[in-house]
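**Q** Before anything else, here's the structure in question.
Readers should treat all values here as calculations from the given coordinates under stated rules, not as data from a laboratory. These numbers were taken from a predicted model, which means no experiment stands behind them. When we count neighbours, we look across all protein chains shown, and the Cβ atoms used for this are built from the backbone with ideal geometry, even at glycine.
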Amino acid sequence: MPKTALFQLGMDLEARVEEDTIRVAEPRSTTQKEDHTSAASKAPHADDRLDHFIEREGVRCAGAHLIIDLYDAERLDDLLFMEQTLRRCIDEAGATLLHIHLHPFEPTGVSGVAVLAESHISVHTWPEVGYAAFDVFMCGDAKPEKCVDVLNEAFKPGRSEVSELLRGREVE
């Protein structure tokens, strides 16, 4: 895969040519790796794992996934405003932005995603009917619920609905 395609995927790889072969460096990553230098033979205790699982409502899970529907909302076709609002969501939630890609549609509408170290926020809008669909999925210490207030303040919907899914409940 060409370097430009990998960069567009947010993998920011560096390649070097050595003896007629291309060697690709490992991608830089925000994920943590376990230290296997000590006690490598012992299985990690659940509290010591670096999987960024969370506990919500007494349930251990991979993360909270909020489905947010905005009805009779404003400014759903404003690309710059959408990016600024997603950045505010990320800041308020205490998440780590890796990459944002937004796409405007003709004659109207926006779709896009903010890729986070903690997962993602995605958006699809239908400005002609005042509707926006947001997915906010986060793990670790991030607080996805903070995005609800940011989105309601920014787009001033007549009505909003929020559903929460706890992802990865069955993972041991």
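**Q** Calculated FRET efficiency, residue 108 and residue 161, Cβ-Cβ r, R0 30 Å, to nearest 0.05?
**A** Computed FRET efficiency for residue 108 and residue 161 comes out at 0.85.
**Q** Here's a follow-up. Step through the residues of the stretch 71-83 one at a time and calculate ³J(HN,Hα) from phi using the Karplus curve (6.51 cos²θ - 1.76 cosθ + 1.60, θ = phi - 60°), rounding each to whole Hz and writing x for Gly and Pro.
**A** Along the stretch 71-83, the couplings run 10, 6, 9, 10, 6, 7, 10, 8, 4, 4, 5, 4, 4 Hz.
**Q** Taking a ≥ b ≥ c as the square roots of the eigenvalues of the Cα gyration tensor of the stretch 50-111, is the shape rounded (a/c under 1.5), prolate (a/b larger than b/c) or oblate?
**A** Prolate, because a/c is 1.5 or more and a/b exceeds b/c.
**Q** Please list the non-local residues whose amide H lies under 5 Å from the amide H of residue 168, H modeled 1.01 Å from N, same-chain partners needing a gap of 5 or more.
**A** The list, which skips near neighbours in sequence, is 62.
**Q** Among 153, 92, which comes first, then next, by fewest other beta-carbon atoms within 10 Å?
**A** 153, 92
**Q** Can you sort 54, 67 by how many other beta carbons sit within 10 Å, fewest first?
**A** Going from sparsest to densest Cβ surroundings: 67, 54.
**Q** Listing 118, 128 from the residue with the fewest other Cβ atoms within 10 Å to the one with the most, what is the order?
**A** Fewest-to-most ranking of 118, 128: 128, 118.
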